[in-house]
Structure formats: C-alpha cells, structure tokens
C-alpha cells in the first residue's frame, strides 16, 4: 500500500521482499474469504483497537473502511457485506485482487525484488540487503519498513528486525501472540470424538482482575474444538486477556453460555416440562436443544454427573467453566501484539531515532481482533507512512 501511494505520486519505488513471492499473509487470509474490513459504525469500529484506539484513530479516519472497499472495487473486485457485518470480495479469495494489485503497481513503475533480505544499516547509513547475488547496499531518499510482526513466521514475518531496530535506539515492545487458540486439557474421549467440530451460537466470557478493577470480555459467535483446545473468532477476542492472565501466574477460567438467547427461567421451564424419567442427556438434547458436542462440553467443564434439578441444570447450561491451561504460540497465532512503540515514531510514523525511515503495519505496537480490523489498520498505517514519506521527500527537495 505504501508503494502504491508513493509511486502514484511519481516517486521511483522498489519493494524488497525476503520471501520468494510477495503477499503470502494476504493469500493465507484469503483462505478464510479475505475479510478486508468491517461495516459497523465507525465509533464502534474504532473501539475494537482497545488501548491503541486513540493512536490509530487519525489514521483510520484518514483511510476508513469505505476507502479500503473503494480501493478493492477499483481493482475490479466486487465486494459484499456478510450478515455479521464483515466485508469480503465476492470471489472469497485473495489471488484475483493480488494479481490486479501487482499489475497496477507494475504500471506505476514499482520494482519488486524477491529473495532479498534487509539486514539493517551500514555505518554510513545505507541500507544493507542480502540477495541471491550476495550483499549489497542501497541509499534511498526515504524508506518504509513493513516487516510484519512475528506470527506465522513461515510466511515471512519472523520478527528478526527487532534487535536491528533496538540496536539503533528504537523502543520495541516484545512481540507476543494475539488472536490465538487456547489450550484446554480435554479428556481423551472428548478429543477423539469432537476435534474439528464447530461449537455454534454460544457466548464465551472471561474476567480478569480483583475487586473494582475487574475487567470482563464477552464474545458471541462460533468456536472450533481442536486437539489442543479451542480456536475461532470468539476465542481470539478473549485470547489476549487470557494470555496476560497466564503471564501473571493466574489460572483463568473461560465460561461458555451454550444458549445465550434464552434466560435461565425459560430454560428451567423447558426442562421442567420435559417428560419425567428421561436421562439427563435426553433432557439436554430435547428440552434445551443441545448438540452432542455441547452436552459433552458440559461434562468436560462441570463433571460427568450433571445436575438433575431443572433450575440447577439450566444454570449449568449457561455457565460452563473451562480451565484455560495456555495459549498457542506465535507460530500458530493469527497476529502478534507488541512492536515499535507509539513513542518511537512521530504522527507520520517516522522513526524519531532514524529520520527518513517510516514504519507501517503489524510491526507497530497495536493489536486487534479478527473481523477485518487487522487488515484495515495495516492498510491505513501503510497509507499514513507513505504520505509521511512523501512529505519528507518533498521537504528535503526544498532545502
């Protein structure tokens, strides 16, 4: 995105890519339909960025979801909004958009060099690269770093840039997993029977803190049972808080409401009216309309012997406690938190310690849930960094 903005302004732009091909993370996102952004009202949208919302607000206001949708449509990709408010290309994949984008960049004169890794700076300030023909140096007028975080390192973003920037005096918060699955010690029987199955239309919640400082997060939607625990949209929303609680030595418990659309009283009445003498499993299946997965999840969290009294059973349906033993690491996380701190860059995302060097994307210290928020902010920071770089070049030419 930075290359597009800068080349459109008439600058000669070269993109140096460490991997054999570009946009590998974008292509991976395309496997899930390429959720580019979200259609919710902007004030609700911005809240998804949590503590970093104030920092990202001007960038997202300057390049909002509507701008990203218009950009994709300008590349020939028709877009649609799903029932959840998420916005996707109708093709439900990234490759057509990427081909059109690369063609646009080529038409604007952008050169892309793959298999070329950035090593940092030499003593005189030139950029060092390791390519197929050996090491070389480049001295550009301006540089935009978009090196990613450290999630899914096999796709290229391995965080190797952290010590390079720290060595030049740039403050970097440690890169940690975000939007990751959680570890739960399933019984062998549950794991073998249900791994891979979706848990639909449930609410997951977790709280952290003590007394008046308790913070709670709740998310409704779907999760997927895995051999190691749970993953999916509602889990990713909670994963950052769960990870922080574990880092502090806590033992977090996540609560699942299996019938969030029904209050306890309604469930109690339905169970009470069920034919007497039925097994607990049949009551849960017929009166509460629970799937075999949901019934067995209750037994994983509560114990094999579930309450028989209607009110107690209804409360159990809406409060299934699951002990969280851990979170998945960076190699399986959807994204990472941490990175170049807000204080290390100016409003245009230029490094204060390195004038003429701008930073964009996931290597900045922000995080967001899945749902289009990650890609939207990555694109928006790319635009911000490019505009800052352009202004820097223009100012330098006038000196």
Next on the checklist: Classify segment 64-173 from the C-alpha gyration tensor, please: rounded if a/c falls under 1.5, else prolate or oblate depending on whether a/b exceeds b/c.
Outcome noted: prolate
Checklist entry - In angstroms, what radius of gyration and Dmax does the chain have, counting Cα atoms only? => result 24.4, 89
Next on the checklist: For a protection proxy built on the mean count of beta-carbon atoms within 10 angstrom, sort 104-110, 355-361, 65-71 highest first, please.
Outcome noted: 355-361, 65-71, 104-110
Checklist outcome for this item: Output row, site residue 111, 7 Å Cα→C-beta label point, backbone N cut-off 15 Å, window segment 135-164, residues 136-142
Next on the checklist: For a test of the definition: using alpha carbon positions, the gyration tensor, and the 1.5 limit on a/c, classify segment 182-327 as rounded, prolate or oblate.
Outcome noted: prolate
Next on the checklist: Give me the extension gain from residue 39 to residue 291: residue separation times 0.36 nm, minus the current Cα-Cα distance, reported in nm with one decimal.
Outcome noted: 87.5 nm
Next on the checklist: Suppose the chain between residue 155 and residue 261 were pulled fully straight at 0.36 nm per residue; how much longer would it get relative to their current alpha carbon spacing?
Outcome noted: 34.2 nm
Checklist entry - What's the center-to-center distance, using Cα atoms, between segment 341-374 and segment 1-26 in Å? => result 17 Å
Item to check | Fully extended contour minus Cα-Cα distance, from residue 394 to residue 193, at 0.36 nm per residue | outcome: 66.1 nm
Checklist entry - For the Cα atoms of the chain, what angle does the longest principal axis make with the long axis of helix 95-107, in degrees from 0 to 90, nearest 10? => result 10 degrees
Next on the checklist: Between 36, 165, 330, where does the largest GNM mean-square fluctuation fall for the chain, given springs only between Cα atoms within less than 10 Å?
Outcome noted: 165
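If you wrap a convex hull around the C-alpha atoms of segment 179-263 and split its volume per residue, what is the figure in Å³? Walk me through the numbers before you get to the answer.
Numbers: hull volume 8.9 nm³, N = 85.
Hull volume normalised by residue count: 105 Å³.
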Checklist entry - Taking the Cα centre of each part, how many Å lie between segment 48-120 and segment 145-169? => result 21 Å
Next on the checklist: Given 10 °C and 1.306 mPa s, compute D for segment 15-116 with the Stokes-Einstein relation, Rh being the Kirkwood radius over Cα pairs; round to the nearest whole µm²/s.
Outcome noted: 105 µm²/s
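Can you give the FRET efficiency for residue 274 and residue 81, using 1/(1 + (r/R0)^6), R0 = 51 Å, r = Cβ-Cβ distance, to the nearest 0.05?
About 0.80, to the nearest 0.05.
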Item to check | Gyration tensor verdict on segment 341-399 (Cα atoms; rounded if a/c is under 1.5, prolate if a/b is larger than b/c, oblate otherwise) | outcome: oblate
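Any read-out appearing in this document is the output of simple, stated calculations on the displayed coordinates, not a laboratory observation. Because the structure is a prediction, the values reported are computed rather than measured. Using ideal geometry, Cβ is built from the backbone for each residue, glycine included, and neighbour counts are taken over all protein chains shown.
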